[in-house]
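**Student:** If you scroll down you'll find the structure; I have some questions about it.
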Amino acid sequence: MSQFASPMTILMVEDNALQRRLLEAQLQPLGHHLMVAANGEEALGRLKGSGPRPDMLIMDVVMPSLDGFKTCEAIKSDPALADIPILVLTALSRDAKDRSYAAGADDFIRKPANTLLLQVRVQTHLRIRALSLRTGSLPTARPKVLVASASALVLTQVQNHFGKDQAMYLEAQSESRARAQILAHRPDLLVLDTDLSEGGAQNLVVTLHQSEELKSMPILLLHEPGELETWSRLREPVADALEKPLVATETRRRLALLARLAQLQKLVGQA
């Protein structure tokens with residue numbers, strides 16, 4: 001994982017002590033400061049108190065006194081707190097994802113969380129948080145997106161899910177073609193399918209991370225169930241990951257997040 005200029009602060013909101021220890025073990029390698037709240041009321045107290053304010057919350061929803069949905073609504077309805085990203089992490093099934101987003105959550109992962117997925121999502125939200133504090137509001141921009149996949153279906157789905165008018169798209173079905181597109185057109189972000197002909201997706205990522213000019217380009221990895229573990233050996237894996245088959249709402253959400261990251265990085269680089 002890449003290092004920040006200085007560690008940021010994560011508030012873990014979880015009433016189960018065992019789950020808190022597990023979450024702490026997953027997050028410690030990132031090098032950020034970790035705070036703990038046992039329920040929603042305690043979390044609100046920490047946010048509104050005189051102590052240091054966290055840069056991000058990771059929150060369960062099933063908690064006594066004030067559940068995660070109501071806590072999320074309370075935070076997002078407060079203008080002083082609304083910009084703090086909230087990732088809901090819960091084992092609750094059924095409509096938990098929809099309810100979390102309806103309450104204002106910025107992200108959602110179901111327990112038990114894959115460690116790599118949790119880490120890259122947290123890092124991406126914190127990068128956006130750190131850059132946003134420096135740049136303020138963003139002008140509207142259409143990102144240049146390279147979609148690299150051997151699957152014609154995936155190439156079409158990504159563009160249709162995110163919206164053909166929301167970005168400028170480049171395509172590549174092989175590793176060599178993806179390299180050529182990157183060098184020729186300098187895309188803002190890369191959507192990389194593990195199904196890539198003439199070489200491997202990991203080889204492409206390693207090459208990009210070895211380049212000072214290209215290593216900060218956000219990468220959304222599209223993977224099959226069970227494939228993500230093989231990426232944990234990379235020092236700098238990806239900015240986000242999405243399991244196939246693709247679902248339009250989730251594809252759109254993930255791409256919008258990385259498009260924002262790419263735009264913020266560009267603005268800071270130009271400053």
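The values are calculated or read from the model by the stated rules, or taken from the named source; none is laboratory data. All of these numbers come straight from a predicted model, not from anything done at the bench. A quick note on method: Cβ atoms are made from the backbone with ideal geometry, for glycine too, and the neighbour counts reach across all protein chains shown.
This table checks each residue for (1) at pLDDT below 95; (2) buried (at least 20 other Cβ atoms within 10 Å of the Cβ); (3) within 22 Å of Leu257 (Cα to Cα).
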{"position": "Ala167", "(1), (2), (3)": "no, yes, yes"}
{"position": "Arg186", "(1), (2), (3)": "no, no, yes"}
{"position": "Asp193", "(1), (2), (3)": "no, yes, yes"}
{"position": "Glu198", "(1), (2), (3)": "yes, no, no"}
{"position": "Val206", "(1), (2), (3)": "yes, no, no"}
{"position": "Glu212", "(1), (2), (3)": "yes, no, no"}
{"position": "Ser216", "(1), (2), (3)": "yes, no, yes"}
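**Student:** Report every pair of residues separated by at least 6 positions or lying on different chains whose Cβ atoms are under 9 Å apart, first residue within the stretch 126-137 and closer than 21 Å to Leu11 by Cα, second of a type in the set (Phe, Trp, Tyr).
**Tutor:** Between residues of the stretch 126-137 that are closer than 21 Å to Leu11 by Cα and residues that are of a type in the set (Phe, Trp, Tyr), the close pairs are Leu126/Phe4; Arg127/Phe4; Ala130/Phe4.
**Student:** Could you identify the single residue in Glu236, Glu198, Glu175 that is outside the structural domain of Leu118 (by TED's automatic domain parsing) and in contact with a Gly (Cβ under 7 Å, 6 or more places away or on another chain)? Please lay out each step first, then the result.
**Tutor:** Working: Glu236 fails: in contact with a Gly (Cβ under 7 Å, 6 or more places away or on another chain); Glu198 fails: in contact with a Gly (Cβ under 7 Å, 6 or more places away or on another chain).
Going through Glu236, Glu198, Glu175 in turn, just one is outside the structural domain of Leu118 (by TED's automatic domain parsing) and in contact with a Gly (Cβ under 7 Å, 6 or more places away or on another chain): Glu175.
**Student:** Here's another thing I want to ask about it. For the subset of the stretch 229-271 comprising residues that are modelled with pLDDT of 95 or more and among the β-branched types (Val, Ile, Thr), which member is nearest to Phe4 (Cα to Cα)?
**Tutor:** Val238
**Student:** Determine, yes or no, whether Leu155 is part of a helix (DSSP H, G or I) and at pLDDT 95 or above.
**Tutor:** yes
**Student:** Which one of these does Ala113 not meet: (1) in a loop (DSSP other than H, G, I, E, B); (2) buried (at least 18 other Cβ atoms within 10 Å of the Cβ); (3) touching a Gly at 6+ places or on another chain (Cβ under 6 Å)?
**Tutor:** If we test Ala113 against (1) in a loop (DSSP other than H, G, I, E, B); (2) buried (at least 18 other Cβ atoms within 10 Å of the Cβ); (3) touching a Gly at 6+ places or on another chain (Cβ under 6 Å), just (3) comes out false.
**Student:** Right, here's the next one. Just for the stretch 73-107: of the residues that are polar (S, T, N, Q) and buried (at least 18 other Cβ atoms within 10 Å of the Cβ), which one is farthest from Val61 (Cα to Cα)?
**Tutor:** First pass over the stretch 73-107, keeping only residues polar (S, T, N, Q): 77, 90, 93, 100.
Narrowing further to those that are buried (at least 18 other Cβ atoms within 10 Å of the Cβ): 90, 100.
Details: Thr90: 6, Ser100: 8 Å.
The qualifying residue farthest from Val61 (Cα to Cα) is Ser100.
**Student:** Looking for something in contact with a helix residue (DSSP H, G or I) (Cβ under 7 Å, 6 or more places away or on another chain), surrounded by fewer than 18 Cβ atoms within 10 Å (Cβ to Cβ) and not β-branched (Val, Ile, Thr) - is there at least one such residue anywhere in the stretch 6-24? First the steps, then the outcome.
**Tutor:** Step one: of the stretch 6-24, the residues in contact with a helix residue (DSSP H, G or I) (Cβ under 7 Å, 6 or more places away or on another chain) are 8, 10-14.
Narrowing further to those that are surrounded by fewer than 18 Cβ atoms within 10 Å (Cβ to Cβ): none.
For the stretch 6-24, residues in contact with a helix residue (DSSP H, G or I) (Cβ under 7 Å, 6 or more places away or on another chain), surrounded by fewer than 18 Cβ atoms within 10 Å (Cβ to Cβ) and not β-branched (Val, Ile, Thr): absent.
**Student:** Would you pick out the residues in the stretch 1-39 that are of a type in the set (Gly, Ala, Ser) and within 19 Å of Leu117 (Cβ to Cβ)?
**Tutor:** Across the stretch 1-39, the qualifying residues are Ser2, Ala25, Gly31.
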